[in-house]
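> Below is one structure. I have some questions about it.
The values are calculated or read from the model by the stated rules, or taken from the named source; none is laboratory data. This one's a predicted model, so the numbers in the text were calculated from it and none came from an experiment. In this analysis, Cβ positions are derived from the backbone assuming ideal geometry, glycine residues included, and neighbour counts consider all displayed protein chains. For accessibility, only protein heavy atoms count, side chains too; no ligands or nucleic acids. Shrake-Rupley method; radii C 1.70, N 1.55, O 1.52, S 1.80 Å.
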Amino acid sequence: MAKDIIIDTDPGIDDAIAIFLALAVAELNVLGLTTIFGNADTATTTRNAQLLLDIANRADIPVAEGASRPLAMDYLGPVPHVHGHNGLGEAALPSVSTPTVDVDAVDWLYEQVRRRPNDVTILTLGPLTNLALALARYPDFSDLVAEIVVMGGNALVPGNATPAAEANILNDPEAADQVFGGNWEVSMVGLDVSEQVVMPGVDIERISHPGKETTRFLGEAVPHYRRFFEKTNGLDGIYLHDPTAVVYLLEPGLFRTRRCPLRAETEGMSRGKTWPSFGNTDDSTPAPWRDRPLVNICTEVASQSVIDLVVDALS
């Protein structure tokens, strides 16, 4: 039986790959997309979410527009050097036909999990603001969600937005800390594993062929993303950040996890850093982590298997 999921997303080129992957596999039933700022502003990511569903011929899937700014700061701004000014690698973007729903993402999320208590998994591919707002607006929200899978954070490796922080968490650390402290099952698929998953050029070509609308579009969008990683990281390929989180939903056995309390730093030069307490300090559970729920933190991954799954599903 397919797993019901909602994707909270800020498309984004790797978001596009992840969304196409989730739509391509029989094991996942995508109930809808909710949008958030991050790779671009919320108006742009909403347009991109609608467009991606059009390209995949899935205009039946609803899109709900989410928050336009973080909980406690201004939006840090788009990253056109990574994702292009339009958020999708400067690919030609036609007009969209997939409509947005007439309520905001928070209300829509709550309505979906209220209808299907303990059945819906929420996959987050951007900042966690919508989920934090839902926790505040609906006290029983966390009791109704089956699981949260977060693409974001960095437990044991450096950040990619600052030396300390991963981009999704840095965009709203206060929201992240609330989500990681919520009374629900949370798994973090962060840079610890996603930066182990590098899709090489030969496989990029396999998911970028002109034979299908989705792969044709990736052929237009991905080169911008690829040039960024070639310039900044010396890669002959791309990190599969968001698609790796989709694979975690499909094949969790490809990942090794550690279970511990987790905090998102909200102060100073480490703002946005996700700090786990693995119990290997003098005080096994220091005060900031005490009485916090346990989070599943992905630390290792069978990277080639992830790449193979993505290529097989999309090509």
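> Can you tell me which residue within segment 138-149, out of those that are open to solvent by 30 Å² or more (accessible area, probe 1.4 Å) and not aliphatic (A, V, I, L, M), is farthest from Ile6 (Cα to Cα)? Working first, answer last.
Initial filter on segment 138-149 (open to solvent by 30 Å² or more (accessible area, probe 1.4 Å)): 138-140, 143, 146-147.
After this cut, where a residue has to be not aliphatic (A, V, I, L, M) as well, the list is 138-140, 143, 147.
Working: Tyr138: 18, Pro139: 20, Asp140: 18, Asp143: 16, Glu147: 11 Å.
Here the residue is Pro139.
> I'd like the full set of residues that are surrounded by fewer than 14 Cβ atoms within 10 Å (Cβ to Cβ) and at pLDDT 95 or above, limited to segment 206-222. So that I can check it myself, show each step before the final result.
Looking only at segment 206-222, we keep the residues that are surrounded by fewer than 14 Cβ atoms within 10 Å (Cβ to Cβ), and these are 209-211, 213.
Within segment 206-222, Glu213 is the sole residue that qualifies.
> Considering every residue within segment 60-76, establish whether at least one is among the β-branched types (Val, Ile, Thr), in a loop (DSSP other than H, G, I, E, B) and either under 28 Å from Leu250 (Cα atoms) or open to solvent by 20 Å² or more (accessible area, probe 1.4 Å) (or both). Let's see the steps before the verdict.
Our first condition is that a residue be among the β-branched types (Val, Ile, Thr); within segment 60-76, this holds for 61, 63.
So of that shortlist, the ones also in a loop (DSSP other than H, G, I, E, B) come out as 61.
Those still in the list that are either under 28 Å from Leu250 (Cα atoms) or open to solvent by 20 Å² or more (accessible area, probe 1.4 Å) (or both) too: 61.
Yes, that holds for at least one residue.
> Further question on the same structure: Suppose we filter Pro80, Pro99 for residues that are within 21 Å of Asn57 (Cα to Cα), open to solvent by 20 Å² or more (accessible area, probe 1.4 Å) and not small (Gly, Ala, Ser); which single one remains?
Values: Pro80 fails: within 21 Å of Asn57 (Cα to Cα).
From the options Pro80, Pro99, the qualifying one is Pro99.
> Residues that are without any contact (Cβ under 8 Å) to a residue 24 or more places away in the chain and under 30 Å from Phe217 (Cα atoms): which strands (runs of 3 or more DSSP E) entirely in segment 255-315 hold 2 or more of them? If you could, list the steps in order and put the result at the bottom.
Values: elements: 255-260, 262-264, 274-276, 295-301.
It comes to none.
> Out of all the residues in segment 110-137, which are open to solvent by less than 50 Å² (accessible area, probe 1.4 Å) and assigned to a loop (DSSP other than H, G, I, E, B)?
Once the filter is applied, which keeps residues that are open to solvent by less than 50 Å² (accessible area, probe 1.4 Å) and assigned to a loop (DSSP other than H, G, I, E, B), segment 110-137 yields Val120, Leu125, Gly126, Pro127, Leu128.
> Here is a further query. For segment 278-315, name all the residues that are among the aromatic types (Phe, Trp, Tyr) and closer than 27 Å to Glu251 by Cα.
Of all residues in segment 278-315, those among the aromatic types (Phe, Trp, Tyr) come to 278, 289.
Within segment 278-315, just Phe278 meets the criteria.
> Continuing with the same structure: Go through (1) farther than 13 Å from Val301 by Cβ; (2) out of contact with any helix residue (DSSP H, G or I) (no Cβ under 9 Å at 6 or more places or on another chain); (3) in a helix (DSSP H, G or I) and name the single condition Arg216 misses.
Checking Arg216 against (1) farther than 13 Å from Val301 by Cβ; (2) out of contact with any helix residue (DSSP H, G or I) (no Cβ under 9 Å at 6 or more places or on another chain); (3) in a helix (DSSP H, G or I), the one that fails is (2).
> Filter segment 1-52 down to the residues that are in a loop (DSSP other than H, G, I, E, B) and open to solvent by 10 Å² or more (accessible area, probe 1.4 Å), then identify the one that is modelled with the lowest pLDDT. It would help to see each step written out before you state the result.
First, the residues of segment 1-52 that are in a loop (DSSP other than H, G, I, E, B): 1-2, 10-12, 25-27, 36-41.
This time we only want the ones that are open to solvent by 10 Å² or more (accessible area, probe 1.4 Å), so: 1-2, 25-27, 39, 41.
Details: Met1: 86, Ala2: 95, Val25: 98, Ala26: 98, Glu27: 98, Asn39: 98, Asp41: 98.
Selected residue: Met1.
> Here's a follow-up. Starting from residues that are among the basic types (Lys, Arg) and over 26 Å from Arg271 (Cβ atoms), keep the ones in segment 34-81 and report whichever is farthest from the chain's Cα centre (by Cα). I'd like the intermediate steps shown before the answer.
Initially, segment 34-81 is screened for residues among the basic types (Lys, Arg), giving 47, 58, 69.
Then keep just the ones that are over 26 Å from Arg271 (Cβ atoms); that gives 47, 58.
On the way: Arg47: 17, Arg58: 20 Å.
Filtering segment 34-81 for residues that are among the basic types (Lys, Arg) and over 26 Å from Arg271 (Cβ atoms), the one farthest from the chain's Cα centre (by Cα) comes out as Arg58.
> Provide a single number: the residues in segment 161-193 that are of a type in the set (S, T, N, Q), open to solvent by less than 20 Å² (accessible area, probe 1.4 Å) and under 28 Å from Asn118 (Cβ atoms).
Pass one, segment 161-193, residues of a type in the set (S, T, N, Q): 162, 168, 171, 178, 183, 187.
Next, from what is left, pick out any that are open to solvent by less than 20 Å² (accessible area, probe 1.4 Å): 168, 171, 187.
When the remaining residues are screened for being under 28 Å from Asn118 (Cβ atoms), the result is 168, 187.
Residues flagged as of a type in the set (S, T, N, Q), open to solvent by less than 20 Å² (accessible area, probe 1.4 Å) and under 28 Å from Asn118 (Cβ atoms) within segment 161-193 amount to 2.
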